[in-house]
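Working notes, beginning with the structure itself.
The values are calculated or read from the model by the stated rules, or taken from the named source; none is laboratory data. Being a predicted model, the structure only gives us computed values, none of them experimental. Neighbour counts run over all protein chains shown; Cβ positions are idealised from the backbone, glycine included. For accessibility, only protein heavy atoms count, side chains too; no ligands or nucleic acids. Shrake-Rupley method; radii C 1.70, N 1.55, O 1.52, S 1.80 Å.
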Amino acid sequence: MATLKEKIGYALGDAASGGITWKLMSIAFPLYFTNVFGLSFADTAALMLIARMFDVVTDPLMGSLADRTQSRWGTYRPWLIFGSIPFGLIFALLFFTPDFAPEYKRVYAYVLYLLMMAVYTMVNVPYGSLLGVMTEDDNEKNQFSSFRMVGAYAMGFITLLAFPYIQKAIGDHTAAGLSAEDIQQIQQKQYAVIGAIFGAIATIMTLACGLMTKERVQMKRAEKFSFKQFADLFKNKPWIYLTIIGICTNFFNGFRYAAAGYMFEYCLNGGVSLPGFIINYTVFMALGEVVCMIFGGISPTFTAWVGSKRMAFVYSAIICAVLSIAFFFIPIDTNYMWLMITLVILTSVGIGIYSPLLWSMYADVADYATEKFGTSSTGLIFSSGTMSQKFGGAISGSLIALFLGLAGATMMTDEFGNQTIDPNSITDSVRTMVWCLFSLIPAAIAIIMAWLAWIFPLKK
């Protein structure tokens, strides 16, 4: 019987990877790379596409390697314990803008981003796989998965809400009378300090997760490496369906997270400041995180009421689709900010319900694979979940840069030799494209998610 301490410890793992590193990489990186670091749209898109090709190789290899790890700390836990420091350190360095020539800055961004994807894989694939070995009880798996999502969304809320206040404490780049050089230096300092703070927190949480959890289930493992494991995946029909569903969920979130920064920057005049409260793109998305956290905790109860994980997923995806379509019809005007916030909060009800279901369903697929093929491939199967997360998040960020370019947004070289978006190219067509990227395109993806969940082979 798992203890509350273990469930909290497991939640800390996704608080670090999902609530801090992945949340900031999904929401802040597209805008950071083009507006602060100085990469072009083309460079940003290419960087994220190259990283995804890299992940196609590293994620399944990491899953297979983790499955074969034998140590005094267990099979999956040592990767969290010893990977925690490089995880936080590389994340912090990725938010640092070096004083290099543009071509060397490009190299720095590519190398650090690929390193971050590698260390994220090294930590997060074993973390996800832990769910398959901490308990054999299906209800407990749902509880662990629910704790995981609560941890991710709670920390995501804290991270995104704190973001603009930390920026302002470091320096106000919106103050009147600042030169372009002053604004650039302040923004670069803001992101560097934010990276250092949250990188340190991510390290501590990841280490705590590795130390507070236990591996109880002894799986029958294939000790020798064999490509048969990879071939078996493509004979596993539930795995194929769930992998596509996982990619879709991360496309849905990825488009919304990456578009939010551009939406506030170019459609909503940077945000709205109320007495004692700032609503910028990170705070806007943070308000939804609270609802995701609440409904992530409610997800097991909702699933029991509906009767199956599959149908709970279908209903939650439909909620996301309907409300995303409704968002498109809100006028592009800050006077409607509270209506926008209301729809983001309501959409988060659906996200909060399906998020823990996805990882619990991966555990079901791993159990199915063990029964069908005779050996455990838990790490390999959960690696596909991590790969779909990175694939969906980064490809959506890459496509956003591409779509903005197609809509007419162009880059220019500023007085310091850095690439930045030409403000004169932000036309109504670009603003409409940004609005679609936050609403209609995610809605279409949510409809696909609902259909795939409806025909998912496992009926648990």
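Quick rundown of the values:
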| read-out | value |
| --- | --- |
| Accessible area of the chain divided out per residue, in Å², using a probe of 1.4 angstrom | 38 |
| The chain, accessible surface, carbon-and-sulfur percent (1.4 angstrom probe) | 67 |
| FRET efficiency for Val57 and Phe82, using Cβ-Cβ distance with R0 set to 22 Å, rounded to 0.05 | 0.50 |
| Contact order relative to length of the chain, as percent, for alpha carbon pairs under 8 angstrom and 6 or more apart | 29 |
| Peptide ranges 283-289, 132-138 listed from the most packed, as the mean C-beta count within 10 angstrom indicates | 283-289, 132-138 |
| Inter-label distance, nm, simple model (7 Å from Cα along the C-beta direction), Leu339/Leu49 | 3.8 |
| Within straight-line cross-link reach of Lys5, aspartates and glutamates at Cα separation under 20 Å, skipping those fewer than 8 residues along the same chain | Asp14, Glu136, Asp137, Asp138, Glu140, Glu215 |
| Average projected area [Cα convex hull, the range 7-68], square nanometres | 5.5 |
| Charge tally in the Cβ shell below 13 Å around Thr206, where Lys, Arg are +1 and Asp, Glu are -1, Thr206 excluded | 0 |
| For the chain, calculated [θ]222 nm from helices alone, where every DSSP H run of n ≥ 4 adds -39500 (n - 2.57) | -25000 deg cm²/dmol |
| Size descriptor, Kirkwood hydrodynamic radius, that averages inverse alpha-carbon separations across the chain, Å | 22.2 |
| Cross-link table Lys23/Lys141; Lys23/Lys168; Lys23/Lys105; Lys141/Lys189, entries beyond 31 Å C-alpha to C-alpha | Lys141/Lys189 |
| Estimated inter-spin distance, Val306 and Asn139, nm [label 7 Å along Cα→Cβ] | 2.0 |
| Kyte-Doolittle at least 0.0, axis length at least 30 Å by Cα - qualifying DSSP helices, the chain | 41-67, 102-129, 138-170, 180-212, 237-262, 281-306, 337-373, 378-407 |
| Val107-Trp454 pseudo-label distance in nm [points 7 Å out on the Cα-to-Cβ vector] | 5.3 |
| Probe 1.4 Å - accessible area at Glu103, Å² to nearest ten | 90 |
| Two-site FRET efficiency, Ser429 against Leu115, from Cβ-Cβ distance with R₀ of 35 Å, rounded to 0.05 | 0.40 |
| Anisotropy class of the range 146-217 from Cα gyration tensor, a/c 1.5 cut | prolate |
| Candidate aspartates and glutamates - alpha carbon under 15 Å from Lys372, same-chain residues fewer than 8 apart omitted | Asp232, Asp364 |
| Shape of the range 37-173, Cα gyration tensor, a/c cut at 1.5 | oblate |
| Gain in span if fully extended, Ala169 to Glu181, counting 0.36 nm per residue against the direct Cα distance | 2.4 nm |
| Cα gyration tensor shape for the range 108-196, rounded if a/c is under 1.5, else prolate or oblate | oblate |
